[in-house]
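Chemist: A single structure is presented below for examination.
The values are calculated or read from the model by the stated rules, or taken from the named source; none is laboratory data. Just so you know, these numbers come straight off a predicted model, no measurement behind them. We place every Cβ from the backbone using ideal geometry, glycine too, and count neighbours over all the protein chains shown. The protein model used for the area step is the full one, side chains on, heavy atoms only, and it has no ligands, DNA or RNA in it. Shrake-Rupley method; radii C 1.70, N 1.55, O 1.52, S 1.80 Å.
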There are 2 protein chains.
Amino acid sequence: MKFTTYFTMNEEEAAMYASEKLGYLFGDEFHLTCKEIGDGNLNYIFRIMDEVSGRSIIIKQSGPVARISDEFKLSPDRNRIEYEILKLEEELAPGLVPIVYAYDPIMNCTVMDDLSDHQIMRKALMDFKVFPKFAQDITDFMVNTLLLTSDVVLEHKHKKDLVKNFINPELCEITEDLVYTEPFSDYKNRNDVFELNKEWVDEHIYHSHALRLETAKLKFEFMNHAQALVHGDLHTGSIFVKEDSTKVIDPEFAFFGPIGYDVGNVIANLIFAWVHSDAHQQFDHMQWLEDTLIETVDLFIFKFNLAWDHNVSESTAKTPGFKEYYLATVLRDTTGVTGLELCRRIIGLAHVKDITSLSGNVRVRAERICLSGAIDFIVKRDSYYCGEDFLVSMKKAMSKFAREDYE
Amino acid sequence: MKFTTYFTMNEEEAAMYASEKLGYLFGDEFHLTCKEIGDGNLNYIFRIMDEVSGRSIIIKQSGPVARISDEFKLSPDRNRIEYEILKLEEELAPGLVPIVYAYDPIMNCTVMDDLSDHQIMRKALMDFKVFPKFAQDITDFMVNTLLLTSDVVLEHKHKKDLVKNFINPELCEITEDLVYTEPFSDYKNRNDVFELNKEWVDEHIYHSHALRLETAKLKFEFMNHAQALVHGDLHTGSIFVKEDSTKVIDPEFAFFGPIGYDVGNVIANLIFAWVHSDAHQQFDHMQWLEDTLIETVDLFIFKFNLAWDHNVSESTAKTPGFKEYYLATVLRDTTGVTGLELCRRIIGLAHVKDITSLSGNVRVRAERICLSGAIDFIVKRDSYYCGEDFLVSMKKAMSKFAREDYE
């Protein structure tokens, strides 16, 4: 087989591809087998195992349409973007992304480290595991990939070249629709609300004018504010963990957008885990998640300040007071996005298992807690300054929905 | 001559170029002569006249460095940008830009209408002329080229392709340095302050922390806010006028930036003309300029609202209250940029003749009026809502510096 024209590979073809193209990764003798292990929305993930060396790698191939719905037709350019971004992220935040070995623009695939010794973080948190290094690692990742790709640090002409290189119209459109638009209006009838919460969502979300107006402002901020190279999909399903390691994967949504977009996604997904642990009355795990949420926000702020002082090269950015102003706008965006992600995963097309694994009134309560917190995050996003502020909002939301009323 | 390798043409060579490449514009028989008429900072402007038909055209060629200072090395890509922008602007705002006929990527030149029957607006205003159609024309130009290239109207993926196509790192850098940085710090020692105002500028500008902090915020807004396709250099030296016609030229600074950048430049340059007329005690002309300033702001707001209601295609942008929010941010940016342009033309490297044609204490006073208004525009930019607000600030500034004290 020549692999000179694009087609969507099956397991056998992916193994042949690896034999022909990637033998150098395995040594002189190898015997490859393959398993498709993708469960995301957009791609095919082939794990290639060499029975001789025991070594394994991943081939990630983009299909011509999204797996979640063939409504989303996507340019395979996202695979080039993913490859280049992973290279760049490895430079900026070494050890926190998988190593990439090759990119094939014909077959639209990227070859990278197999992380089978890691677990998808969402699943691990649903099993009530804890990851003591997580807050340290993810804040290193965010501060290094975000602040260091902003105009504060990068030479401005170089930064504009990067902006140009990573303009990502199709993937951004998915976010604009699924995160910023549909959850608050259902105008395309694509939302997927849990039956027992339909009335509640109708009253508290679809009919909230304040919410709609504030999300409109946030949407234009997302579309127009080319602040830094954001990952663009930094939820706990895009993070692989083991006890002493954190790896951020799937940067295909990356583009130059607001820094708060990534930070808010991390916080919202810690909140989903927290609500899930609460539903299972795993109070120790909740406590760890609360500590981690606070640590993530506060370490982000601390390291952001530190990295600013060490790296700022922009003469104007050194003006006293400008760092504080800039960070305040990042936190405001972060808070808004936390609310958006909480809403869209409950109301919109793409759900999270933390919530969908719950049933009946337990799910009803978990969803209302998330949405109730989300409304505050979006509408009052100007008044969050530290990790504790986020937790206080969520505890207030939880206290509105007594467990005994939802049993 | 083949014109197959780039070189900077002289008059004779430009005439030969027109004979060889552009004969089709003149008819079967022609006899061409040429005169270089450029007085801008960046390019060579050849007027080609055909003595047979009487027809004339302009060839605009980019040099490899800016004429103002060879510190600025510029990619000739700005000529492609100019050509494509003029085409696009003619579609969006018909009749308000010169027609372009050809673009030559080898010789880095663009061929367009000769506007010799028009006058550069700055010069005409310095001769105390009035242009009754100006406010109507320039607001048509701004609303149509700006709002219609924003996400409010354009399909979002198409808009992102345009953003990519018009990323303009080198010309943006000039603006970042000359408009947003140097006038407020003089950190590169390139400023050029009128001797008799050096002390005043030192006290009121270089030592104002508020001003420096606010201009830092505005600078990052300019760099990161890809709102609409701005002209990027819309002063009265980029506008040709005659009594019944307005033509906007020189869009080589164009890129996707804040809408207020263009509007603020127009207002600031009307203010320079107003201060110039005041210095010459041409009170009728001042009155026309005051009316025109108010009309320009108020018509911009009026037409912006109208064009929004007619053209908005973005579902989220239709949220009640969003238009008012969006317009308020545009006016805030407009006000800030008005202040920036007033400062940089007096303090920075590139001056305007409205001011430099004055001398002694008359110039001292004119500059202080401009700078004093500018400080308000920048620091209090949140509180300007209509044309009258701008004029009130400038009249207040003028009243601080009594004519009799500066004679």
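Chemist: Checking the cross-link filter: which lysines have an alpha carbon closer than 21 Å to that of A:LYS198, excluding same-chain neighbours under 8 positions apart?
Modeler: Within the straight-line limit of under 21 Å, A:LYS198 reaches these lysines: A:LYS188, A:LYS353, A:LYS400.
Chemist: So how tilted is helix B:283-311 from the main axis of chain B? Cα-based, degrees 0 to 90, rounded to 10.
Modeler: The helix B:283-311 is inclined about 70 degrees to chain B.
Chemist: Summing -39500 (n - 2.57) over the DSSP H runs of n ≥ 4 in chain B and dividing by its residue number, what mean residue ellipticity at 222 nm do you reach, to the nearest 500 deg cm²/dmol?
Modeler: -16000 deg cm²/dmol, from helical runs alone.
Chemist: I'd like the mean, over residues of B:178-189, of how many other protein chain beta carbons sit within 10 Å of each residue's own Cβ.
Modeler: If you average over the peptide's residues, the count of other-chain Cβ atoms is 1.
Chemist: On to the next question. Using a 7 Å offset from the Cα along the Cα-to-Cβ direction at both B:SER245 and B:GLU11, what is the distance between the two label points in nm, to one decimal?
Modeler: Modelled inter-label distance: 2.4 nm.
Chemist: Can you sort A:HIS156, A:HIS351 by 1.4 Å-probe accessible area, starting with the largest?
Modeler: Order by accessible area, largest first: A:HIS351, A:HIS156.
Chemist: So which trypsin sites (Lys or Arg not before Pro) in the stretch B:1-62 pass both tests, a DSSP loop state and at most 15 other Cβ atoms within 10 Å of the Cβ?
Modeler: On the way: sites: B:LYS2, B:LYS21, B:LYS35, B:ARG47, B:ARG55, B:LYS60; in loops: B:LYS2, B:ARG55.
Answer in residue order: B:LYS2, B:ARG55.
Chemist: Which three semi-axes in whole Å describe the equivalent ellipsoid of the stretch A:246-391, each the square root of 5 times a Cα gyration tensor eigenvalue, listed largest first?
Modeler: 30, 16, 14
Chemist: Now a separate question. Tell me the angle of helix B:387-400 to the major Cα principal axis of chain B, expressed in degrees between 0 and 90 and rounded to the nearest ten.
Modeler: The helix B:387-400 is inclined about 60 degrees to chain B.
Chemist: Could you give log10 I(q)/I(0) at q = 0.10, 0.11, 0.13, 0.15 Å⁻¹ for chain B, computed by the Debye formula over C-alpha point scatterers of equal weight, without solvent?
Modeler: -0.68, -0.82, -1.14, -1.45
Chemist: Let me ask another. Dimensions of the stretch B:314-407 along principal axes (Cα, Å, largest first)?
Modeler: 58, 27, 18
Chemist: While we're here: Does anyone have the angle between helix A:209-224 and the longest principal axis of chain A? Alpha-carbon axes, 0 to 90°, nearest 10?
Modeler: The answer is roughly 30 degrees.
Chemist: Keeping all protein chains in position, work out how much accessible area A:TYR206 exposes to a 1.4 Å probe, and write it in Å² to the nearest 10.
Modeler: 40
Chemist: Given a Förster distance of 25 Å, report the FRET efficiency between A:ASP405 and A:GLN282 from their Cβ-Cβ distance, rounded to the nearest 0.05.
Modeler: 0.80
Chemist: What percentages, rounded to whole numbers, describe P(r) for the stretch A:202-324 computed over all alpha carbon pairs with 5 Å bin width beginning at zero?
Modeler: 2, 9, 12, 16, 19, 17, 13, 7, 3, 1, 0
Chemist: Moving on to the next point. Considering every residue in B:306-317, what mean count of other chain Cβ atoms within 10 Å of its Cβ is obtained?
Modeler: Average neighbour count from other chains, rounded to a whole number: 3.
Chemist: A further question on this structure: Over 29 Å, how big is the tail of the calculated P(r) for the stretch A:80-239, in percent of all Cα pairs?
Modeler: Value for the stretch A:80-239 (Cα pairs over 29 Å): 36 percent.
Chemist: Hey, if we sort B:VAL179, B:VAL379 by accessible area with the 1.4 Å probe, largest down, what's the order?
Modeler: Numbers: B:VAL179 5, B:VAL379 65 Å².
In descending accessible area the options line up as B:VAL379, B:VAL179.
Chemist: Quick one: buried accessible area between A and B, total over both chains, 1.4 angstrom probe, nearest 100 Å²?
Modeler: In total, chains A and B hide about 3500 Å² from solvent.
Chemist: Give B:LYS123/B:LYS395; A:LYS318/B:LYS323; A:LYS219/A:LYS303; A:LYS303/A:LYS380; A:LYS159/B:LYS133 a once-over and call out the pairs whose C-alpha atoms are over 31 Å from each other.
Modeler: In this structure, A:LYS318/B:LYS323; A:LYS159/B:LYS133 exceed 31 Å between Cα atoms.
Chemist: Using the beta-carbon distance between B:VAL379 and B:ASN311 and R0 = 25 Å, what value does 1/(1 + (r/R0)^6) give for FRET efficiency, to the nearest 0.05?
Modeler: 0.15
Chemist: Could you work out how much longer the chain between B:PHE128 and B:LYS395 gets when fully extended? Use 0.36 nm per residue separation minus the Cα distance between them, nm to one decimal.
Modeler: 94.2 nm is the gain from fully extending B:PHE128 to B:LYS395.
Chemist: What's the average, rounded to a whole number, of partner chain beta-carbon atoms within 10 Å of each residue's beta-carbon in B:217-227?
Modeler: Other-chain Cβ atoms within 10 Å of each residue's Cβ, averaged: 6.
Chemist: Summarise the accessible area of the protein assembly as shown (1.4 Å probe, protein heavy atoms) by the percent that is carbon and sulfur.
Modeler: Values: 15580 of 30570 Å².
Summing carbon and sulfur atoms, their accessible area is 51 percent of the total for the protein assembly as shown.
Chemist: Still on this structure, I have one more. For B:HIS204 and B:LYS21, calculate 0.36 nm times their separation in residues minus their Cα-Cα distance, and state this gained length in nm to one decimal.
Modeler: 60.4 nm is the gain from fully extending B:HIS204 to B:LYS21.
Chemist: Still on this structure, I have one more. Taking a ≥ b ≥ c as the square roots of the eigenvalues of the Cα gyration tensor of the stretch A:11-113, is the shape rounded (a/c under 1.5), prolate (a/b larger than b/c) or oblate?
Modeler: Taking the square roots of the gyration eigenvalues as a ≥ b ≥ c, the stretch A:11-113 is oblate.
Chemist: For B:LEU162 and B:CYS386, calculate 0.36 nm times their separation in residues minus their Cα-Cα distance, and state this gained length in nm to one decimal.
Modeler: Contour length minus the Cα-Cα distance gives 77.5 nm.
Chemist: What percentages make up the Cα-Cα pair-distance distribution of the protein assembly as shown when the bins are 20 Å wide from 0?
Modeler: For the protein assembly as shown, the binned pair fractions read 15, 42, 31, 11, 1 percent.
Chemist: Read phi for every residue in the stretch B:361-373 and hand back ³J(HN,Hα) as whole Hz from Karplus 6.51 cos²θ - 1.76 cosθ + 1.60, θ = phi - 60°, with x for Gly and Pro.
Modeler: Values per residue, Gly and Pro as x: 5, 5, 5, 3, 5, 4, 5, 5, 4, 4, 5, 5, x Hz.
Chemist: Packing-wise, with mean Cβ within 10 Å as the measure, how do A:218-228, B:83-93 rank, highest first?
Modeler: Going by the mean number of other Cβ atoms within 10 Å, highest first, we get A:218-228, B:83-93.
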